[in-house]
Each structure stands twice: as C-alpha cells, then as structure tokens.
1. Sorted by accessible area with a 1.4 angstrom probe, largest first, how do ILE109, ILE101 fall?
2. Using alpha carbons only, how many degrees (0 to 90, rounded to 10) separate the axis of helix 83-110 from the longest principal axis of the chain?
3. Between their Cα atoms, which of LYS99/LYS142; LYS16/LYS142; LYS110/LYS142; LYS5/LYS37 are more than 32 Å away from each other?
4. Given 0.36 nm per residue, what is the gain on full extension from ILE109 to GLN64 after removing their alpha carbon distance, in nm?
5. Given contacts defined as C-alpha pairs under 8 Å and at least six residues apart, what's the relative contact order of the stretch 1-125, whole-number percent?
6. For the stretch 4-158, I need the span (max minus min coordinate) of the C-alpha atoms along each principal axis, in Å, sorted largest to smallest.
7. Just to confirm, what accessible area per residue do you get for the stretch 9-122 at 1.4 Å probe, in whole Å²?
8. Starting from the eigenvalues of the Cα gyration tensor, five times each then square-rooted, give me the equivalent ellipsoid semi-axes of the stretch 84-160, largest first, whole Å.
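The values are calculated or read from the model by the stated rules, or taken from the named source; none is laboratory data. Computed from a prediction, not measured in an experiment: that's the story for all the values here. Cβ: placed from backbone, ideal geometry, glycine included. Neighbour counts: every protein chain shown. The area values use the complete protein model at the heavy-atom level, side chains included, leaving out ligands, DNA and RNA. Shrake-Rupley method; radii C 1.70, N 1.55, O 1.52, S 1.80 Å.
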Amino acid sequence: MLSKKMEAALNEQVNKEIYSAYLYLSMSAHSTHIGLKGFANWFMVQYQEEMVHAMKFYTYINDQGGQVRLMAIDAPAIVWESPLDMFEKTLQHEQFVTKRINNLVDLAIKEKDHATNIALQWFITEQIEEESNDNDIIAKLKLVGNKGDALLMLDRELAARVFIPPATSQAA
Ligand code: FEO
C-alpha cells in the first residue's frame, strides 16, 4: 500500500522516465540525420531501456494498488552541437535522474515504506551503470576530437549495442 505522497512521487517518475525515452529518441533521430547510424543505434537502445524503466514504475504502482496517472511529456531538444554535446547532455540528464531516485529512496525511508525502498534499489544500481557508460563515451569523444576517421570508428562501436528485453535480462 502506497501513501498518497509516495504514489504521487512514483507517478512523477513514470513521467520523467518517459521523458528520458523521448530525449534519447530525439538524439537517435538527430544522429541518423547527421549520418552517425551507430550513435543512432546507441540512443535507440537507450530509448528502449528508458521505456522499460517507465514500465517498471508503472507496474509497481499498479501492483501496490495505486493509481497510475499519466501526464504530459515535455518536448525534448531536436538538434545538438556535436556528438560530445549529446553525451554531455545525456550525462547531465542521468545525474538529474539519479538525484530523483535518491529523493524517492529518502521519501520511502521517511515513510517506512520498505517495499518501495527495495523496489528502488534496482534503479540505484542502474543509475551507476548509466552514468558510467556516459562517462566512458564522453572520454572517448574527447580523445576523438575533430578526427573524422576516429569518430567513424566509434560510430561502428556504438552500432554494436543491443537492447536486451526485460524477460531475458538478469537486471530487469
Ligand atoms: Fe531511467 Fe536513464 O534512467
């Protein structure tokens, strides 16, 4: 059973996760537009992962007898200055999400809501991985600089990322 405050905060997070999906879908489209299909693939996989996150919150609210309330999704940006800019914005966004997840845990602890606290632990671990992935790619992009051939090599590397659906994923 969720308190009204916890239910509202979890619903807010459904919205933020769908916004994350929307943001990465827009980055995927932009990457395709500028000819970086590997980057487009990476962001498309990220979009799919964010929808999994949103649905985890959605399912959890339902499982706890709460009311899912879907809200308007903000429009993401459409263009970015460079691949480095996209990943720096991605990292900033993930740091924002990490803060939100931490705040949800704080609320669950304050309310002695142990079930929600346990459910949120998966997201704490996931955020470590997300920020780490972004930092790795940012480091590579800084090394690449203005070298087109190195950027195309990185594009090929990012083309290899594959979405693992929750049913077969260990983490989900
Ligand atoms: Fe759902 Fe990228 O955090």
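1. Highest to lowest solvent-accessible surface, that is ILE109, ILE101.
2. 10
3. Details: LYS99/LYS142 26 Å; LYS16/LYS142 29 Å; LYS110/LYS142 42 Å; LYS5/LYS37 42 Å.
From LYS99/LYS142; LYS16/LYS142; LYS110/LYS142; LYS5/LYS37, over 32 Å: LYS110/LYS142; LYS5/LYS37.
4. Numbers: separation 45, 0.36 × 45 = 16.20 nm, distance 1.68 nm.
Taking 0.36 nm per residue and subtracting the Cα distance, the gain is 14.5 nm.
5. Details: 117 pairs, mean separation 39.3, N = 125.
Over the stretch 1-125, the number comes to 31 percent.
6. Cα spread of the stretch 4-158 along its principal axes, largest to smallest: 54, 26, 20 Å.
7. Details: 5590 Å² over 114 residues.
I get 49 Å² per residue for this part.
8. On the way: eigenvalues 248, 26, 9 Å².
Three semi-axes, in Å: 35, 11, 7.
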